[in-house]
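To start, the structure itself, in structure tokens.
The values are calculated or read from the model by the stated rules, or taken from the named source; none is laboratory data. For clarity, every value in this text was computed on a predicted model and none was experimentally measured. Cβ placement follows ideal geometry from the backbone for every residue including glycine, while neighbour counts extend to all protein chains displayed. Quick note on the areas: whole protein, heavy atoms, side chains included, nothing else; ligands and nucleic acids left out. Shrake-Rupley method; radii C 1.70, N 1.55, O 1.52, S 1.80 Å.
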Amino acid sequence: MRKTLLFLALPLALAACHHDEQAAQSGADATFEANLQQQLLDAKPGSVIDIPAGHYHLQRGLSLRTDGVTIKGAGMDKTVLSFKGQVVGPEGLLVNANDFTIENLALEDTKGDALKINQGKNITIRGVRVEWTGGPKTTNGAYGLYPVKTQNVLIEDSVVIGASDAGIYVGQSHTIVVRRNRAEYNVAGIEIENSVNADVYENTATHNTGGILVFNMPNLSQAGHSTRVFKNQVIDNNTDNFAAKGAAVASVPRGSGVVVNSNDKVEIFDNDIVDSQTANVIISSYFSTNYYNTKGVAADYNPYPKGIFIYDNRFKGGGDSPDGLKFKTLKTAVYGLNGKFPDILWDGYVDEKSLVDGLPPANDRFCIQNGDVGVINADGPHDYKNPSTDTKPYQCTLPKLPPVVLDPEPKA
Amino acid sequence: MTLSTKLFFLLSLLLLTACHRDLDPVAFQADGRPPKLSDWHVVEVRDGKLVLNQGVVPYDLNTPLFTDYAHKLRTIWMPKGVSAKYDPTDTFDFPVGTVISKTFYYPRTADGKFSDVARTFDTSKDFAGEGLDLSQVHLVETRILVHRESGWAAIPYVWKDDQSDAMLARTGAVIPLTLVDDKAAREDFNYVVPDESQCSSCHAQDWVSRKIHPIGPKARHLNRDYHYAAGDENELAHLVKVGYLSGAPAPADAPRNANWADEHASLDARARAYLDINCGHCHNPKGAANTTGLTLDVSVPEDRHLGICKPPVAAGRGTGDHLFDIVPGQPDDSILPFRMNSADPGTMMPELGRSTVHREGVALIKAWIASQSGGCVAIH
């Protein structure tokens, strides 16, 4: 394996002097940036680009188009690439390649997305921190870790803070494992969108607007299905929604734990879902986003969530201060001024044409096996006029999804 | 070829040769990256002018990509005895050995500093067909696209301040300049030379194969007249005449994009031509932006694929608080002109290749959206 050592002579002292708010790029930073760009251009399959500890200011987004490259830092708090003074973007790092690994470094304050991997298979993101250091702001970049149109993807032991859309966002991909990450102060902590076969487990999602999202958007290359969300800590996701309007996640109410929108075959089990003030779990259709219009949405798009199975989670708190006038009014109407929503909120949209004796076909049902957990059907289709708290319609089970197996397994 | 055409061709060749007898022949570099632009002998500085070597044919596009108001001298050269195969839709099938160059430059302002450059589209005073008078222009960069056995390679060169040659700049450059308009209003900006990999961001129009291709030399962009040294002529016809293109129909039978600035053309044709060249290299069914479901090349029908009432997918704050890419009749509620009207790296589109707003381009797209009827009504 080729191994390329980067700038042995780079002064380590640099790390100490970058706590100011200036985005100024020093001569050493400029040299670093040019050398790093050169390494990315020169990379061959098998190249390992080592970036030593240090805090480096970059002006320009980086990109890589060679298969089989590994980028390694000295640790997510030791090797920091800061894009605070970025003049060319939009990403921090854009990758269009297969067999890519990035680990143990941080990307800070990119103008747009931090790490975008567009088209590629066998992608490993490990121990990467993405952070917008000024806290949650609409002007922060949209996505933190952002593989799209990829397959065989592992994101683990990473941290994403402050994304104005989704911290970890896997889109239009398949065979995905997202585990042991921490997502906080993003609009969406972790989002799986239009993807097939994803396991999301042992993550901590906290202080986001919505903790973990599984969405299907219209007009894209594939419809998503088969995601398992399990063993996660989804806690106190009550940050005000700071997404720009029009972004899909702008429709997510503050205080959402796990949200499924228009996606199919989603299993939510064995999670701790705690203190999300709108609801700990929300199941909804694309109609509730207010973006649905017949001109702009493909005719074959299915906006209904189908085959949703929720079981054995540990719910606590939440539902006590829902976001938005409609939900507040609904909560007060059904549960009283001091009452709270139950743990599961369903917007109530269902494909009427598919119903058999008033219920969806067996495998399309919405099933709950979670003790005496409450559910409210908000009756969205009739503007919340006739909500129902009856839990009988959800007393069913669904076949469990098999675990996602990465093949090939990522390099350790 | 008729006898008279042959004679004309020979005569032109002789005339051209006379101008460039001190230049070494164009050097197709089969591999590597020569350190100086002059190593290619495509365009070279001679006697205060940037001149074109023998066989180097200049061309223009009906509607060009906007690059911070830079003017562009585009050229094409091919080895003897080979030609490109015509295609009605895609980039012509150029033979190995083809060298395409694009030199970005600005007219200088009267009495201005060297970093003061004119904000103008008027290229009529540039004499680009015969070369550029260095006392009148500021050369910024020249990009070489060379077709090798291994495929196309993109190699960027940045001009030295003394304008004597351009030097290899694989990692690109950031060059502070000031745009000065004809009322002397000034706008400082960073002209950004892309690095080699960023070149591919636009030139790889298929993000699975990742192969790069020239963008401009397509029938619809070249089907126009050019002011050659020997007089005006249709570019397709000229390329056929000099032997660089085979299989082309008569220009009247080839597709032709509108000139975005030609007010005799329909608003729709101008807007679609503008979106095609500025956006279609990524926003096509195989391109980098196919993740968005938005297609902006000239072939897309006028429906949601073009963005009409289409909710954005991954625009993030690039939505500018708007719900749809295009709201017919409502340009100020539409995402497309919002992103075009930004120079912020996290918001603007295209995301590379400019640091300033193309005001006239924004005005065109806004006028086009304003002319559409309908609106977008959400259903619940």
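A few points about this structure:
- Boolean, B:Thr109 is closer than 23 Å to B:Thr63 by Cα and of a type in the set (S, T, N, Q): no
- Filter result for the condition that a residue is of a type in the set (Lys, Arg) and crowded, with 19+ Cβ neighbours inside 10 Å, over B:Lys218, B:Lys125: B:Lys218
- Candidates A:Tyr185, A:Tyr201: the one that is within 18 Å of A:Pro410 (Cα to Cα) and open to solvent by 10 Å² or more (accessible area, probe 1.4 Å) is A:Tyr201.
- Residue check for A:Tyr301: over 27 Å from A:Lys231 (Cβ atoms) and either surrounded by fewer than 19 Cβ atoms within 10 Å (Cβ to Cβ) or away from chain B (no Cβ under 14 Å) (or both): yes
- Residue within the stretch B:219-241 that is modelled with pLDDT of 95 or more and in a loop (DSSP other than H, G, I, E, B) present: yes
- Note on the stretch B:199-213: residues that are over 15 Å from the mean Cα position of the chain (by Cα), within 7 Å of another protein chain (Cβ to nearest Cβ) and within 28 Å of A:Ala34 (Cβ to Cβ) amount to 2.
- Set B:Ala84, B:Ala153: member being surrounded by fewer than 20 Cβ atoms within 10 Å (Cβ to Cβ), assigned by TED's automatic domain parsing to the domain that holds B:His227 and in contact with a helix residue (DSSP H, G or I) (Cβ under 9 Å, 6 or more places away or on another chain): B:Ala153
- Exclusive hit being aliphatic (A, V, I, L, M), assigned by TED's automatic domain parsing to the domain that holds B:Tyr59 and open to solvent by less than 40 Å² (accessible area, probe 1.4 Å), set B:Leu306, B:Leu275, B:Leu296, B:Leu239: B:Leu239
- Test for B:Cys199: is it under 17 Å from B:Glu351 (Cβ atoms) and either assigned by TED's automatic domain parsing to the domain that holds B:Arg354 or of a type in the set (Gly, Ala, Ser) (or both): no
- In the stretch A:145-166, the residue that is nearest to the chain's Cα centre (by Cα) out of those that are more than 11 Å from A:Ile125 (Cβ to Cβ) and either open to solvent by less than 10 Å² (accessible area, probe 1.4 Å) or within 14 Å of another protein chain (Cβ to nearest Cβ) (or both) is A:Ala166.
- None of A:Asp264, A:Asp275 is of a type in the set (Asp, Glu) and either closer than 21 Å to A:Asn363 by Cα or within 12 Å of chain B (Cβ to nearest Cβ) (or both) except A:Asp264.
- Count of the stretch B:221-235 residues which are open to solvent by less than 30 Å² (accessible area, probe 1.4 Å) and in contact (Cβ under 8 Å) with a residue 40 or more places away in the chain: 6
- Filtered residues of the stretch B:242-263 (kept if among the polar types (S, T, N, Q), assigned to a loop (DSSP other than H, G, I, E, B) and either touching a Phe, Trp or Tyr at 6+ places or on another chain (Cβ under 8 Å) or surrounded by fewer than 21 Cβ atoms within 10 Å (Cβ to Cβ) (or both)): B:Asn259
- Look at the stretch A:167-192: where a residue is within 14 Å of another protein chain (Cβ to nearest Cβ) and a partner is surrounded by fewer than 24 Cβ atoms within 10 Å (Cβ to Cβ) and aromatic (Phe, Trp, Tyr), sitting 6+ places away or on another chain with Cβ atoms under 7 Å, you get A:Val187/A:Phe242.
- All positions within the stretch B:1-46 that are of a type in the set (A, V, I, L, M, F, W, C) and at pLDDT 55 or above: B:Leu23, B:Val26, B:Ala27, B:Phe28, B:Ala30, B:Leu37, B:Trp40, B:Val42, B:Val43, B:Val45
- Remark: A:Glu193 matches the filter, which requires a residue to be within 14 Å of the chain's Cα centre (by Cα) and crowded, with 23+ Cβ neighbours inside 10 Å.
- Number of positions in the stretch A:255-285 that are of a type in the set (Val, Ile, Thr) and surrounded by fewer than 24 Cβ atoms within 10 Å (Cβ to Cβ): 1
- Extreme residue, surrounded by the most Cβ atoms within 10 Å (Cβ to Cβ), among residues of the stretch A:108-139 that are polar (S, T, N, Q) and over 17 Å from the mean Cα position of the chain (by Cα): A:Thr110
- Taking residues in the stretch A:307-318 that are at pLDDT 95 or above, and partners anywhere that are of a type in the set (Phe, Trp, Tyr) and open to solvent by less than 10 Å² (accessible area, probe 1.4 Å), the pairs with Cβ atoms closer than 8 Å and at least 6 places apart or on different chains are A:Gly318/A:Phe341.
- Flag: B:Asp122 does not match the condition of being closer than 17 Å to B:Ala204 by Cα and either without any contact (Cβ under 8 Å) to a residue 60 or more places away in the chain or of a type in the set (Ser, Thr, Tyr) (or both).
- Search result, residues across the stretch B:323-338 that are surrounded by 23 or more Cβ atoms within 10 Å (Cβ to Cβ) and either closer than 27 Å to A:Gln59 by Cβ or in contact with a Gly (Cβ under 7 Å, 6 or more places away or on another chain) (or both): B:Leu323, B:Phe324, B:Asp325, B:Ile326, B:Val327, B:Ile335, B:Leu336, B:Phe338
- Looking across the stretch B:158-179 at every residue that is open to solvent by less than 20 Å² (accessible area, probe 1.4 Å) and at pLDDT 95 or above, the one that is nearest to the other protein chains (Cβ to nearest Cβ) is identified as B:Ala169.
- Residue in the stretch A:385-394 that is open to solvent by less than 20 Å² (accessible area, probe 1.4 Å) and small (Gly, Ala, Ser) present: no
- Top-ranked residue of the stretch A:167-182 - restricted to ones that are among the hydroxyl-bearing types (Ser, Thr, Tyr) and farther than 20 Å from A:Glu108 by Cβ, ranked as most open to solvent (accessible area, probe 1.4 Å): A:Thr175
- Residues of the stretch B:353-380 satisfying the condition of being more than 14 Å from every other protein chain (Cβ to nearest Cβ), assigned to a loop (DSSP other than H, G, I, E, B) and either more than 26 Å from B:Phe121 (Cβ to Cβ) or not β-branched (Val, Ile, Thr) (or both): B:His358, B:Ser371
- Against the test of being surrounded by fewer than 22 Cβ atoms within 10 Å (Cβ to Cβ) and either at the interface with chain A (Cβ under 8 Å from one of its Cβ atoms) or within 16 Å of A:Leu220 (Cβ to Cβ) (or both), the options B:Gly316, B:Gly320 yield a single qualifying residue, B:Gly320.
- Test: residue in the stretch B:304-311 that is more than 7 Å from chain A (Cβ to nearest Cβ) and outside any helix (DSSP H, G or I): yes
- When B:His281 is tested against (1) in contact with a Phe, Trp or Tyr (Cβ under 8 Å, 6 or more places away or on another chain); (2) buried (at least 22 other Cβ atoms within 10 Å of the Cβ); (3) modelled with pLDDT under 95; (4) in a loop (DSSP other than H, G, I, E, B), exactly one condition is not met: (1).
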